[in-house]
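Contents: one structure, followed by commentary.
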There are 2 protein chains.
Amino acid sequence: MRDVAVIGVGMTSFGELWRTPLRSLWAEAAIAALGDAGVDRVDLVTIGCMSSGLFTGQEHLASLLADELGMAGVPAARVESACASGGLAVRAGFAEIAAGLAEVVLVTGVEKMTDVDGADATYALGTAADAEWEGFHGVTFPGLYAMLARVHMQRFGTTREQLARVAVKNHANGLLNRHAQYHLKVSVADVLESTLVADPLRLLDCSPVTDGAAALVLTTVERARELAAGKPVVRITGSGLATDTVSLANRGDLAELGAVRLAGERAYAMAGRTPDDIHLAEVHDCFTIAEIMATEALGFFAAGDGGPAVEKGLTDLGGRIPVNTSGGLKSKGHPVGATGVAQVIEIVSQLRGDAGQRQVEGARVGMAQNMGGSGGSSVVHILEVV
Amino acid sequence: MRDVAVIGVGMTSFGELWRTPLRSLWAEAAIAALGDAGVDRVDLVTIGCMSSGLFTGQEHLASLLADELGMAGVPAARVESACASGGLAVRAGFAEIAAGLAEVVLVTGVEKMTDVDGADATYALGTAADAEWEGFHGVTFPGLYAMLARVHMQRFGTTREQLARVAVKNHANGLLNRHAQYHLKVSVADVLESTLVADPLRLLDCSPVTDGAAALVLTTVERARELAAGKPVVRITGSGLATDTVSLANRGDLAELGAVRLAGERAYAMAGRTPDDIHLAEVHDCFTIAEIMATEALGFFAAGDGGPAVEKGLTDLGGRIPVNTSGGLKSKGHPVGATGVAQVIEIVSQLRGDAGQRQVEGARVGMAQNMGGSGGSSVVHILEVV
């Protein structure tokens, strides 16, 4: 298996980008990543996108997007695992280079969710749940995550204020990220006074509906060293993928995200790392409770300690393990197919020392954790300066 | 790069299976393939599906289907490239084993297209074309392929009767396949008298709307030899992937399927084979013209000779290079995400000598060619007895 490195990153600003169609968002991110990498030819394009069919009436993105970039002919593949589609696109590109099937891969993620002709976002996102056993009965994702939150609060004593602290931290980080959808300082009181969406979750516990695209260029570590010209080379040392039951009704324990734990264990094993080795992480904070549960499932904190940890500032910028320095899904925005790729971009920027005001000093090992549905699938990558 | 073999195959019958939901179709095929392989544990599941979102309101099949088989936890990934989604699922599984990321992969394809709550098939399939520049203006796939047929007839003198001969041949083959949707002998006159759909294409030039699922089990050639117990080992020796412009308006030459040619060239190069080495092929005959153009793009016949070849019986069972011995999409049916996997099943069955009445004597090298949209993407695999 060949070693794989990230040699270029690029993304659009995230937000409600009403005037920009899916293909233009995608091309902007792709061109930025190719420019950053200094390459103009790729062997493969991977595309993470959850539901361009439902949102915009357009499937077959492999062909559409290769064509949009004037690359018709190049092999291209779309992958989907709901909101973990971006992470899956990273994995697909990683596998092709590791196998020796490709030398240079353009890994991308995109979602166009606002100002679309197709399904509304709540319906389209709801198709990541079990359509027959959850969606049909009217439950949508705020409701599913509210149930997870209730179980976590009951089991571990996680508090409403601890949930709010996730939003406060991530919005503070997002203020430092020019690509973020919101540049908005929020307080614990702001969260607690925001509109109730699905008890106990309020509006400021929820990530937004977002348009955006993100892209990476991957190649072998060997070639990355040739192209690096003295800059740090960032290698993907671990890649883990896992599923869990799609519906909460089938799940053994609602207080744990099993797919995140398994995907993390697989990534740690491949990289030869433990949670203590990770200097910073981007985790899938689609709702505030999700960040707390993810930090536990990844082993940064024991079960039940995720809430107190955020309250104590352990996951703040400057804390023991900074989490979601980019602002996370909560503040940076959540164009679902792009999210997993954008998480890796944040880690690469930090490891290169390019993160500006939100730079984590001395960061050499980082993790990106992407998740689909209510934890039905997860993809975890570990990246390191080599 | 490790060598990859197919050790198990399984599929549902194809047809209008009104009482069977997507997840049950999928599980039937998956269990059959695992039983055929004699394994009960896999490292990865890949799923080719074009548009479960539009057809059935269900995305996130990775989680849904792993769970359906009681395998929650196992890594799973859905891939999509319109009607080439099944071929792409084969490629994704191939890459993971080649890289050493997985030892045993369950490769699957599925589509539920009839008796669904979601979009009608014509709309959903139309999302494989350019939604803004083709679909919006009302053109659907029979119309797009009719344009390709007109150009081919004008350029090369391909006749209406030659198109009909494709349907006659494939329906004759389908009579010998118990999994086929139609067991229906048709004559040239039947085709020429069938309802006009999009001039020059008539109803019997078109593949049907179908429910179905298909599955393979892949592992290393080394492990396959251990499990074979004297049976032939079928190796995937070539895998090629390519795109072309998504819209016909952008395409340089409408008389050639460029993505098929490129994907074929890449598969031939990997396998160290030429068209003369191929003993039989399954090609993507979504419309009769598509089979003629595919046999030219793959180099079995020179440009313009595909029509005369089918007329002379060169692609018949018993001909120089039998094409679509399974009945093809035309007679076997076309559950779009499953098709690319089912094509590989036919080749494996032939190479194992398990094809019964439609067995091609002495078949040792076969090809499966899957296609998305109006040739916007294609995936080609070469399989050999080793």
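The values are calculated or read from the model by the stated rules, or taken from the named source; none is laboratory data. Here the structure is a predicted model, which means the values were calculated and not measured. Cβ placement follows ideal geometry from the backbone for every residue including glycine, while neighbour counts extend to all protein chains displayed.
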Check your understanding: Looking at (1) of a type in the set (A, V, I, L, M, F, W, C); (2) surrounded by fewer than 19 Cβ atoms within 10 Å (Cβ to Cβ); (3) at pLDDT 95 or above; (4) under 30 Å from A:Arg2 (Cβ atoms), which is the one condition that is false for B:Met1?
Key -> (3)
Review point. Any chance segment B:225-245 includes a residue that's within 14 Å of chain A (Cβ to nearest Cβ) and not in a strand (DSSP E or B)?
Key: yes
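Sort out for me the helices (runs of 4 or more DSSP H) sitting completely within segment B:71-166 that have 1 or more residues that are more than 14 Å from chain A (Cβ to nearest Cβ) and modelled with pLDDT of 95 or more.
Details: elements: B:85-99, B:121-126, B:141-156.
Answer list for segment B:71-166: B:141-156.
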Review point. Among the residues of segment B:187-201, is there at least one that is touching a residue at least 12 places away in the same chain (Cβ under 8 Å) and in contact with a Gly (Cβ under 6 Å, 6 or more places away or on another chain)?
Key: yes
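I'd like the residue in segment B:363-381 that is more than 10 Å from chain A (Cβ to nearest Cβ) and assigned to a loop (DSSP other than H, G, I, E, B) and, out of all such residues, is surrounded by the fewest Cβ atoms within 10 Å (Cβ to Cβ).
B:Arg364
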Check your understanding: Is at least one residue of segment B:350-362 part of a loop (DSSP other than H, G, I, E, B), touching a helix residue (DSSP H, G or I) at 6+ places or on another chain (Cβ under 7 Å) and touching a residue at least 40 places away in the same chain (Cβ under 8 Å)?
Key -> yes
Point to revise | Where A:Leu17 falls short, out of the listed (1) more than 8 Å from chain B (Cβ to nearest Cβ); (2) of a type in the set (A, V, I, L, M); (3) crowded, with 24+ Cβ neighbours inside 10 Å | key: (3)
Practice item. Report those helices (runs of 4 or more DSSP H) wholly inside segment B:249-340 carrying at least 2 residues which are crowded, with 22+ Cβ neighbours inside 10 Å, among the polar types (S, T, N, Q) and in contact (Cβ under 8 Å) with a residue 24 or more places away in the chain. Key: B:288-297
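Answer with yes or no whether A:Ala249 is aliphatic (A, V, I, L, M), under 26 Å from B:Gln58 (Cβ atoms) and within 12 Å of chain B (Cβ to nearest Cβ).
Yes: the conditions hold for A:Ala249.
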